[in-house]
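The values are calculated or read from the model by the stated rules, or taken from the named source; none is laboratory data. Quick caveat: nothing in here was measured; it's all calculated off a predicted structure. Please note: Cβ atoms are built from the backbone with ideal geometry, for glycine as well, and neighbour counts cover all protein chains shown. Calculation scope for accessible area: heavy atoms of the full protein, side chains included, ligands and nucleic acids excluded. Shrake-Rupley method; radii C 1.70, N 1.55, O 1.52, S 1.80 Å.
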Amino acid sequence: MGERTGSDGDGDFWRTRVPDRRLARWVSFYLAYRRTSGVPQRRSLAALNSVVLVIDLDTPIRRPVEGSPLALVSPVAGLSNRPMVYEVEGREQGVVVELTPLGARALFRMPLRELSNTSAGFFDLFGHRARRLAEELSEARDWDLRFRILDHRLAEWITDGPGLARPFDASWRSLTTTTANLTVHDLTRHTGLSRQHLSTRFHREIGLPPKTVGRIARCHRAIRLITGRAPPPLPAVAHLCGYADQSHLNRDFRLLVGCAPTALLRPEAAHLDLFLGSLISLRPVPRTGTRLESGLPLSGALEAPGQDC
């Protein structure tokens, strides 16, 4: 089972784990983390092509910024076509679970359009089962056991939940894993559905229109290249990722990430929670060497053995 661990001198901690292979179609990865901030820090969660569940074990102070709809405790963030900005202060400890649309549909039993561009509290969505899971994770002796608990509970709940029609699941996977810029016309040829039917139902079930999902996936590919070990010049990144030119790349970054591409290379990029949102589950080939592919933030985490919380 794939795993990466990181830590830094300030006591921050990250550990990623690939879920049990039985959950592969529903759950992309787990990320355990611990961070502490004595003063308010502004963070930005970039546009998402997946559903991200945060289970708080220590609850920090969170404040939405600029009208961002962020749940304050154990948030569940749906697919989004814009950054979500918030302030956080205090000790954070918890686990991030990235769910594919298939997994989120089965777990929360609702069309994902109800979660798009917003967030809800895990306890509000999942009631006593969410509270029981949080208690089990808090009481577990180490992260190995916590990951096993997540595997067991999610397998129990997801396999019982409703499915997602194959054309929409397959279309989402094609849009988020291919290096080509697929069009809605390409998807209709593969699914046999009409353009209108595919677009309308995809938007309802997945949470965003197919064109928007493809646009976010293209931006994610650019992020991996820019933050990799040998980043190409930005005009080359734009060409490789299918942008018309560098200006097009810059505009999309500002809308989807909230900053210019060059900002990802600066030390302050650590405030961007870019390790979330299909950046691990896509497993690009060839790999770029960016920390994001291993579940680590852009800076601040050393690729060295860490200690459990």
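Indicate the gyration tensor shape class of the range 127-280 (rounded, prolate or oblate), computed on the Cα atoms with a ≥ b ≥ c the square roots of the eigenvalues: a/c under 1.5 is rounded; otherwise a/b larger than b/c is prolate and the rest oblate. The shape class here is oblate. Taking the Kirkwood radius as Rh and the Cα radius of gyration as Rg, the range 1-133 has a ratio of Rg/Rh equal to 0.95. Reported to the nearest whole Å, the Cα centre-to-centre distance from the range 202-224 to the range 10-31 is 22.
The alpha carbon radius of gyration of the range 61-219, expressed as a multiple of 2.2 N^0.38 Å, is 1.15.
Compared with the alpha-carbon gap, the fully stretched path from Arg251 to Arg153 is longer by 31.1 nm at 0.36 nm per residue. Between Arg22 and Ala263, the simple spin-label model (points 7 angstrom out along Cα→Cβ) gives 4.4 nm. Ligands, DNA and RNA left out, the accessible area of the range 94-236 computed with a 1.4 Å probe is 49% carbon and sulfur. Shown is the FRET efficiency for Arg131 and Ala165, computed with R0 = 25 Å from the Cβ-Cβ distance and rounded to the nearest 0.05: 0.20. Judged by the ratio a/c of the largest to the smallest principal axis of the C-alpha gyration tensor, the range 39-81 counts as oblate, that ratio being 1.5 or greater while a/b is no larger than b/c. Shape of the range 152-238 from the C-alpha gyration tensor: oblate (a/c of 1.5 or more and a/b not above b/c, with a ≥ b ≥ c the square roots of its eigenvalues). Note on Thr183 and Thr36: the model spin-label points, each 7 Å out from Cα along the C-beta direction, lie 5.6 nm apart.
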